[in-house]
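Encoded as structure tokens, the structure appears first; notes follow it.
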Amino acid sequence: MIAAAPSVYVVTGDDRSLMLVCTLAARTLQRPCKEFNTGCKFLETYRADWPGCLVLDMTLPDMDGLALQQELVRRGARLPLIFIADGCAVCTAVEAMRRGAFNLLQKPLAPSDVAANIERALDLDHHQRLTSARVNALRERLQSLTPREREVLDRVSRGEPNKVIAMSLHVSERSVEFHRSRGMEKMGASSLAQLMRILMNLEEAGDGIKHGPSPQM
């Protein structure tokens with residue numbers, strides 16, 4: 001089950017005034033808002049593929065904000081977190097930001113400030129999910145390559161001409177041209193420049209064309 005639209009998830013414990021400010025900010029942006037009194041109730045409901053952002057009070061009755069953040073990371077959720085802290089919890093909230101939180105706001109809050117942060121966090125979540133979907137599609141293309149196609153494209157990406165590749169792999173130039181053409185077609189690249197952009201995107205995501213010993217033809 002996937003949430004129909006990006007939502008603002010608000011977890012504020014027993015602080016009703018904070019809940020009111022956050023829900024008002026979400027309504028101002030005309031965004032769905034889901035309220036939770038405890039971190040456990042939120043974790044029981046939320047799924048990692050649901051888009052949106054989380055507004056989270058650092059002080060909750062059942063767990064602190066860092067523990068909830070850590071659990072979301074463990075589950076593979078990249079939901080942008082906006083932490084809310086009072087004066088005594090600022091050091092803890094700063095640590096949360098070091099771990100990847102979107103922002104830290106201090107009480108008392110103005111609905112306009114909360115709304116502005118929610119809007120930016122939702123934009124970030126949308127961008128991250130688009131990027132993730134694009135990279136996943138490229139990974140599927142990469143996995144569809146045969147070992148030989150991967151090796152040929154690796155050498156092509158290093159600027160080696162077909163003749164040099166053929167000599168290195170002890171195959172004919174025609175064979176290199178065949179695997180090069182098939183590999184680029186699978187990767188959705190119509191030119192060397194486009195192939196390079198695709199491979200750079202994969203490398204930035206921690207992937208790339210890697211090969212072991214030359215396969216037998």
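The values are calculated or read from the model by the stated rules, or taken from the named source; none is laboratory data. Just so we're clear, the structure is a prediction, and the values are computed from it rather than from any experiment. All Cβ positions, even for glycine, are placed from backbone atoms using ideal geometry, and neighbour counts span all protein chains on display.
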**Q.** Single residue of Ala4, Ala48, Ala96 found to be in contact with a strand residue (DSSP E or B) (Cβ under 6 Å, 6 or more places away or on another chain), at pLDDT below 90 and closer than 26 Å to Leu130 by Cβ
**A.** Ala96
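Taking the stated definitions as given, is Thr131 of a type outside the set (Gly, Ala, Ser) and modelled with pLDDT of 90 or more?
Working: of a type outside the set (Gly, Ala, Ser): yes; modelled with pLDDT of 90 or more: no.
When the stated conditions are applied, Thr131 does not pass them.
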Q.
With the requirement that a residue be in a helix (DSSP H, G or I) and of a type outside the set (D, E, K, R), what does segment 151-174 give you?
A. Val152, Leu153, Val156, Ser157, Asn162, Val164, Ile165, Ala166, Met167, Ser168, Leu169
Q: Taking Glu160 as meeting all but one of (1) surrounded by 14 or more Cβ atoms within 10 Å (Cβ to Cβ); (2) among the charged types (D, E, K, R); (3) in contact (Cβ under 8 Å) with a residue 40 or more places away in the chain, write down the number of the exception.
A: (3)
Q. Among all residue pairs at least 6 apart or on different chains, which show Cβ distances below 6 Å where the first residue, located in segment 22-47, is in the same structural domain as Ile118 (by TED's automatic domain parsing) and the second is outside any loop (DSSP other than H, G, I, E, B) and hydroxyl-bearing (Ser, Thr, Tyr)?
A. Pro32/Ser7; Cys33/Thr23; Lys34/Ser7; Lys34/Tyr9
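Residue under question is Val114, and the condition is that it be free of Cβ contacts under 8 Å to residues at least 24 places away in the same chain and either over 18 Å from Gln30 (Cβ atoms) or not basic (Lys, Arg) (or both); does it hold?
On the way: free of Cβ contacts under 8 Å to residues at least 24 places away in the same chain: no; either over 18 Å from Gln30 (Cβ atoms) or not basic (Lys, Arg) (or both): yes.
No; evaluated as a whole, the condition is false for this residue.
For the subset of segment 2-45 comprising residues that are of a type in the set (Ser, Thr, Tyr) and in a strand (DSSP E or B), which member is nearest to Pro108 (Cα to Cα)? Break it down into steps so the answer makes sense when it comes.
Taking segment 2-45 and keeping what is of a type in the set (Ser, Thr, Tyr), we get 7, 9, 12, 17, 23, 28, 38, 45.
Narrowing further to those that are in a strand (DSSP E or B): 7, 9.
On the way: Ser7: 23, Tyr9: 19 Å.
Residue satisfying both the conditions and the ranking: Tyr9.
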Q | All positions within segment 72-95 that are more than 14 Å from Ala121 (Cβ to Cβ) and either over 16 Å from the mean Cα position of the chain (by Cα) or part of a strand (DSSP E or B) (or both) | A | Ala85, Asp86, Gly87, Cys88, Ala89, Val90, Cys91, Thr92, Ala93, Val94, Glu95
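Quick check, is Leu142 surrounded by 12 or more Cβ atoms within 10 Å (Cβ to Cβ), more than 17 Å from Leu56 (Cβ to Cβ) and aliphatic (A, V, I, L, M)?
Considered against the rule, which asks whether it is surrounded by 12 or more Cβ atoms within 10 Å (Cβ to Cβ), more than 17 Å from Leu56 (Cβ to Cβ) and aliphatic (A, V, I, L, M), Leu142 comes out as yes.
Yes or no, residue by residue, for (1) assigned to a helix (DSSP H, G or I); (2) within 15 Å of Arg78 (Cα to Cα); (3) not assigned by TED's automatic domain parsing to the domain that holds Pro51:
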{"position": "Leu105", "(1), (2), (3)": "no, no, no"}
{"position": "Ser112", "(1), (2), (3)": "yes, no, no"}
{"position": "Ala115", "(1), (2), (3)": "yes, no, no"}
{"position": "Asp123", "(1), (2), (3)": "yes, yes, no"}
{"position": "His127", "(1), (2), (3)": "yes, yes, no"}
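Does segment 48-65 contain any residue that is assigned to a helix (DSSP H, G or I), touching a residue at least 12 places away in the same chain (Cβ under 8 Å) and surrounded by 13 or more Cβ atoms within 10 Å (Cβ to Cβ)? Break it down into steps so the answer makes sense when it comes.
Pass one, segment 48-65, residues assigned to a helix (DSSP H, G or I): 65.
Those left that are additionally touching a residue at least 12 places away in the same chain (Cβ under 8 Å): 65.
Then keep just the ones that are surrounded by 13 or more Cβ atoms within 10 Å (Cβ to Cβ); that gives 65.
Yes; the residues of segment 48-65 include at least one that is assigned to a helix (DSSP H, G or I), touching a residue at least 12 places away in the same chain (Cβ under 8 Å) and surrounded by 13 or more Cβ atoms within 10 Å (Cβ to Cβ).
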(Q) Residue under question is Val114, and the condition is that it be under 30 Å from Pro6 (Cα atoms), surrounded by 12 or more Cβ atoms within 10 Å (Cβ to Cβ) and modelled with pLDDT under 90; does it hold? (A) no
(Q) All but one of (1) over 30 Å from Gly87 (Cα atoms); (2) in a helix (DSSP H, G or I); (3) hydrophobic (A, V, I, L, M, F, W, C) hold for Leu145; state the number of the condition that does not hold. (A) (2)
